[in-house]
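Notes for the one structure printed next.
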Amino acid sequence: MATVSPKSPVGINGIGRIGKLLVWMLTARKEQDAVIISTGRKIGKDIRDLATYMSYDSTFGPYERFMFGFGREQSLEVKGDDLFMNGVRIVWLNSPDCRKPGNITWSGHGVEVVFDTTGKMLDPSMNEENSLRGHLNHAKKVILTAPFKIKNKGALLPDDAVTVVMGVNDHVYDNQKHNIISNASCTTNCCAPPIKALVDHFGDKMISYALTTVHSVTNSQSVLDTLPKDGDKDTRKRRSILNNIIPTTTGAANAVLEVIPEVRELGIGSQASAIRVPSNTGSIVVMDVSLLGEYDNTYINDIFKKYSSANPEVMLFSEKQLVSADIIGSPYSTIYDSLFTHRRTSKRDDRYYTMVDLNFWYDNEFGYVNSLMRLYDLVTNRK
Ligand SMILES: NC(=O)c1ccc[n+]([C@@H]2O[C@H](COP(=O)([O-])OP(=O)(O)OC[C@H]3O[C@@H](n4cnc5c(N)ncnc54)[C@H](OP(=O)(O)O)[C@@H]3O)[C@@H](O)[C@H]2O)c1
């Protein structure tokens, strides 16, 4: 049994895009006295370089502005060897031993819940020091900020591991049983809520859906063309992100089957792909849905109106003509662009079929970190 306290310091492994924004969110909420971060290595010359990294962000602007708008509060300071953000102590673990999760003495700092944001440890079936499960040597729960990837094809998802998408399958989370929790991907957090709303509404009248995410850049891509690594399957990912539209893959189709088992049970066809584009954050899922029957835009919009009022933190129902810059800093997992929706009905063998095109926006960084906070609240019994 692993009950956790919402007041205990939070641990974060890896301080890249997602890890850094988690620190911003946690220190803004200020519910813990400390956040313990592990980089497992030194940064620049000393803690002042860590402070500068934490202070400024090329996408979201300065931490001070995030906290206080254009006020002048000094909310991030180094005192001796310690960094404080909004009065919350940031304890920095930078010894090379900490590169392996099993060696990080989280409990020594009072940590019960750890976020692993490294993107390097994705397999919950592995049981060694240098794996996701290693965090449980010294912590009660670990939240993975990515989908699970089981390397050994024959291995099953262990009983204590679960994928949870808030607003979709959060009811499956069992505090007594689950200690390794995946928050799935940002794309799954964007597309699974509307797919759930559609499946719940149409059932077997939903024939299929196909989605494409047009996704901003991540650090897994190359600034300029780089030589592919040995064994790279998707060599397009090594092409420059500065000046390309790059078709690639996404695991969202499989992840949706995991969190909405009805898709498989009802035999609904599904497919997903991705296109990477040169913007810093802000992405969109374009979804084509094929339905049995005749439906107009108002009918379709009502489904998402109902879903968003039942899940107001997860989905925003937008009636504005948005572009990607408008959703930067949005906390929602998914934003339904109701003005974009268009559909066409056809008739075959006395049956009507409707094809619907839908758009869902998401800030793949900030929206995703907010979905992590919602999951954290579930894990710490606040929801
Ligand atoms: N960016 C997004 O839009 C987004 C959205 C949803 C989910 N995610 C997922 O979240 C994860 C992180 O994404 P990100 O965009 O934040 O990536 P990122 O910017 O590359 O950050 C990952 C960080 O982890 C560090 N790291 C790697 N191995 C480590 C280890 N053993 N110990 C400590 N630190 C380690 C890296 O630093 P070093 O230089 O020291 O290796 C890097 O700073 C990925 O799985 C990604 O798929 C990303």
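Listed by first and then second residue, the pairs with beta-carbon distance under 6 Å, at least 6 apart or on different chains, first residue in the range 12-37 and more than 22 Å from residue 281 (Cβ to Cβ) and hydrophobic (A, V, I, L, M, F, W, C), second within 13 Å of the ligand (Cβ to nearest atom) and not in a helix (DSSP H, G or I), are 36/11. When the range 192-208 is filtered for residues that are basic (Lys, Arg) and surrounded by 18 or more Cβ atoms within 10 Å (Cβ to Cβ), only 196 remains.
Within the range 149-167, how many residues are among the hydrophobic types (A, V, I, L, M, F, W, C) and either within 16 Å of the ligand (Cβ to nearest atom) or in contact with a strand residue (DSSP E or B) (Cβ under 8 Å, 6 or more places away or on another chain) (or both)? I'd like the intermediate steps shown before the answer.
Residues of the range 149-167 among the hydrophobic types (A, V, I, L, M, F, W, C): 150, 155-157, 161-162, 164-166.
Keeping just the survivors that are either within 16 Å of the ligand (Cβ to nearest atom) or in contact with a strand residue (DSSP E or B) (Cβ under 8 Å, 6 or more places away or on another chain) (or both) gives 150, 161-162, 164-166.
Qualifying residue count, the range 149-167: 6.
Could you count how many residues in the range 34-51 are within 15 Å of the ligand (Cβ to nearest atom) and loosely packed, with under 14 Cβ neighbours inside 10 Å? Final tally of qualifying residues: 3. If you go through the range 217-253 and keep only what is surrounded by 12 or more Cβ atoms within 10 Å (Cβ to Cβ), polar (S, T, N, Q) and touching a residue at least 40 places away in the same chain (Cβ under 8 Å), you end up with 218, 221, 250.
Taking the conditions exactly as written (among the aliphatic types (A, V, I, L, M), surrounded by fewer than 18 Cβ atoms within 10 Å (Cβ to Cβ), outside the structural domain of residue 329 (by TED's automatic domain parsing) and closer than 27 Å to residue 256 by Cα), does residue 143 satisfy them or not? Talk me through it step by step, then tell me what you get.
Details: among the aliphatic types (A, V, I, L, M): yes; surrounded by fewer than 18 Cβ atoms within 10 Å (Cβ to Cβ): no; outside the structural domain of residue 329 (by TED's automatic domain parsing): yes; closer than 27 Å to residue 256 by Cα: yes.
The answer is no for residue 143.
Here residue 211 fulfils each of the conditions (1) surrounded by fewer than 19 Cβ atoms within 10 Å (Cβ to Cβ); (2) more than 16 Å from the ligand (Cβ to nearest atom); (3) over 29 Å from residue 23 (Cα atoms) apart from (1). Under the condition of being without any contact (Cβ under 8 Å) to a residue 60 or more places away in the chain and either within 8 Å of the ligand (Cβ to nearest atom) or among the aliphatic types (A, V, I, L, M) (or both), the residues counted in the range 131-148 number 5. Against the test of being in the same structural domain as residue 205 (by TED's automatic domain parsing), in contact with a strand residue (DSSP E or B) (Cβ under 9 Å, 6 or more places away or on another chain) and of a type in the set (A, V, I, L, M), the options 335, 328, 303 yield a single qualifying residue, 335.
So residue 174 ticks every box in (1) in a loop (DSSP other than H, G, I, E, B); (2) among the charged types (D, E, K, R); (3) over 30 Å from residue 334 (Cα atoms) but one. Which box is left unticked? Residue 174 satisfies all of (1) in a loop (DSSP other than H, G, I, E, B); (2) among the charged types (D, E, K, R); (3) over 30 Å from residue 334 (Cα atoms) except (3). Taking the range 40-79 as the range and being touching a Lys or Arg at 6+ places or on another chain (Cβ under 9 Å), assigned to a loop (DSSP other than H, G, I, E, B) and over 30 Å from residue 326 (Cα atoms) as the test, the residues that pass are 40, 41.
Scanning the range 353-363 turns up no residue that is assigned by TED's automatic domain parsing to the domain that holds residue 310, more than 14 Å from the ligand (Cβ to nearest atom) and assigned to a loop (DSSP other than H, G, I, E, B).
Residues in the range 15-33 that are within 20 Å of the chain's Cα centre (by Cα) and more than 14 Å from the ligand (Cβ to nearest atom): 26, 27, 28, 29.
Are any of the residues in the range 113-127 over 20 Å from residue 23 (Cβ atoms), buried (at least 22 other Cβ atoms within 10 Å of the Cβ) and within 16 Å of the ligand (Cβ to nearest atom)? Step through it out loud before you land on a result.
Applying the first criterion (over 20 Å from residue 23 (Cβ atoms)) to the range 113-127 yields 122-127.
Then keep just the ones that are buried (at least 22 other Cβ atoms within 10 Å of the Cβ); that gives 124.
Filter again for within 16 Å of the ligand (Cβ to nearest atom), leaving 124.
Yes: one or more hits.
So if I check each of 233, 229, 305, which one is among the basic types (Lys, Arg), within 16 Å of the ligand (Cβ to nearest atom) and not in a strand (DSSP E or B)? Steps first, please.
Numbers: 233 fails: within 16 Å of the ligand (Cβ to nearest atom); 305 fails: within 16 Å of the ligand (Cβ to nearest atom).
Going through 233, 229, 305 in turn, just one is among the basic types (Lys, Arg), within 16 Å of the ligand (Cβ to nearest atom) and not in a strand (DSSP E or B): 229.
Of all residues in the range 301-337, those satisfying the criterion of being hydroxyl-bearing (Ser, Thr, Tyr) and surrounded by fewer than 21 Cβ atoms within 10 Å (Cβ to Cβ) are 309, 324, 330. When residue 196 is tested against (1) outside any helix (DSSP H, G or I); (2) in contact (Cβ under 8 Å) with a residue 60 or more places away in the chain, exactly one condition is not met: (1). Could you list all residues from the range 364-383 that are more than 16 Å from the ligand (Cβ to nearest atom) and either assigned by TED's automatic domain parsing to the domain that holds residue 302 or assigned to a helix (DSSP H, G or I) (or both)? 377, 378, 379, listed by residue number.
The values are calculated or read from the model by the stated rules, or taken from the named source; none is laboratory data. Computed from a prediction, not measured in an experiment: that's the story for all the values here. Quick reminder, even Gly has a Cβ in these numbers, built from the backbone with ideal geometry, and neighbours come from all protein chains shown.
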